Amino acid sequence: MLVLFVSTVGDRSQALAAPEVSLDPAPDGTLTVVGNGWRPGQHLVVNLGRASFPALADSTGSFEVSTGLVSYQGPLAVHRPASSSLASARLGPAEDPVVPNPLAVLFAQSLVSGIGLAGVLGGVVGLAMAVARSIRSRHQTP
């Protein structure tokens, strides 16, 4: 139980999925670039062959870019826009981090604490019952 408690109270950094990109045909015959796994609110550039398209990851880290192209030649790449500022080029937390609801965090912490407490109390009751059975069996043996 202690390991469970420590693992839930420990590091609360946000885990990000590995970025994924796919090229899907739109109903009108053009190409749409769909991606996920980026930081929410992150500005991106999608390169499809020689064409470039701006993209902005939504609150889930996903984006969708309608290219208007029917075909392309060359690589498909997604990257952060080039910037002359070193501050924007460094890795770090997203500019607009997702902040969990404080009541949801409190509820989750209370739930984990309650489960831990129930486990400890269950162990104490089980131990007390084992001791009581042992004492009762000693008194009943002539």
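List of remarks:
- At R0 = 41 Å, FRET efficiency that the Cβ-Cβ distance of A18 and L117 yields, to 0.05: 0.65
- Most tightly packed first, judged by the mean number of other beta-carbon atoms within 10 Å of their residues, the peptides 18-25, 44-51 read 44-51, 18-25.
Computed from the coordinates by the stated procedures, all read-outs in this text should not be read as laboratory data. The shown structure was predicted, so the numbers you read here are calculated from the model rather than taken from an experiment. Cβ atoms come from the backbone with ideal geometry, glycine included; neighbour counts cover every protein chain shown.
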